[in-house]
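Read-outs throughout are calculated quantities, based only on the coordinates presented, and are distinct from any laboratory measurement. Note that the structure is a prediction, hence the values are computed from the model and not measured. Glycine gets a Cβ as well: all are built from the backbone with ideal geometry, and neighbour counts include every protein chain shown.
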Amino acid sequence: MNFWEEKSLNEMTDSEWESLCDGCARCCLIKLEDEDTGQIVTSDVHCSLMNEDTCGCTDYANRQTRVPDCIKLTPKNVPEISWMPVTCAYRRLSEGKGLAWWHPLVSGDKQTVVDAGISVKGRSISEAKVREEDWEDHIVGWPDFDPTEEPE
């Protein structure tokens, strides 16, 4: 049995916790909140710390200092963050779902995250290249995409 099937999020070691991230970088996309309704939508604009080729953070250790609104995920706050992508392993496990077929811990291949259409790789633009007042023009629906079936 795999550690994510045996342990709760609270019981995982730091390395197990970190390995749950599939590297999709959907959480690195800028979210916008409608001030009137509270609805949160996602743009295709990503944090300037995101490496566009790897979808990893270029300064992971210092990200919260450099980007004050970057949220560090914990077993306690994952269930409380409503904008977490439905595909996120942390969210899936906190909701009692298993890891999806594209997750590298399941597939054995980091490329399945890209192949499944989960990764933001090649589909986002750095916030350094878009004026904040133009972020609304970058609202997209694809971050809500959740391919539940494995392709044949």
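Looking at region 46-54, can you tell me whether even one residue there is without any contact (Cβ under 8 Å) to a residue 40 or more places away in the chain, touching an Asp or Glu at 6+ places or on another chain (Cβ under 8 Å) and not in a helix (DSSP H, G or I)? The answer is yes, given that some residue of region 46-54 is without any contact (Cβ under 8 Å) to a residue 40 or more places away in the chain, touching an Asp or Glu at 6+ places or on another chain (Cβ under 8 Å) and not in a helix (DSSP H, G or I). Candidates V106, V113, V120: the one that is closer than 21 Å to F3 by Cα, surrounded by 13 or more Cβ atoms within 10 Å (Cβ to Cβ), of a type outside the set (D, E) and in contact with a Leu (Cβ under 8 Å, 6 or more places away or on another chain) is V106.
In the set (1) within 21 Å of L105 (Cα to Cα); (2) in contact with a helix residue (DSSP H, G or I) (Cβ under 6 Å, 6 or more places away or on another chain); (3) not aromatic (F, W, Y), the condition left unmet by T42 is number (1).
Do we find a residue being touching a strand residue (DSSP E or B) at 6+ places or on another chain (Cβ under 9 Å), surrounded by 13 or more Cβ atoms within 10 Å (Cβ to Cβ) and in a helix (DSSP H, G or I) anywhere in region 25-37?
Yes, because at least one residue in region 25-37 is touching a strand residue (DSSP E or B) at 6+ places or on another chain (Cβ under 9 Å), surrounded by 13 or more Cβ atoms within 10 Å (Cβ to Cβ) and in a helix (DSSP H, G or I).
Annotation: I40 fulfils all but one of (1) surrounded by 13 or more Cβ atoms within 10 Å (Cβ to Cβ); (2) within 18 Å of C70 (Cα to Cα); (3) out of contact with any His (no Cβ under 9 Å at 6 or more places or on another chain); the unmet one is (1).
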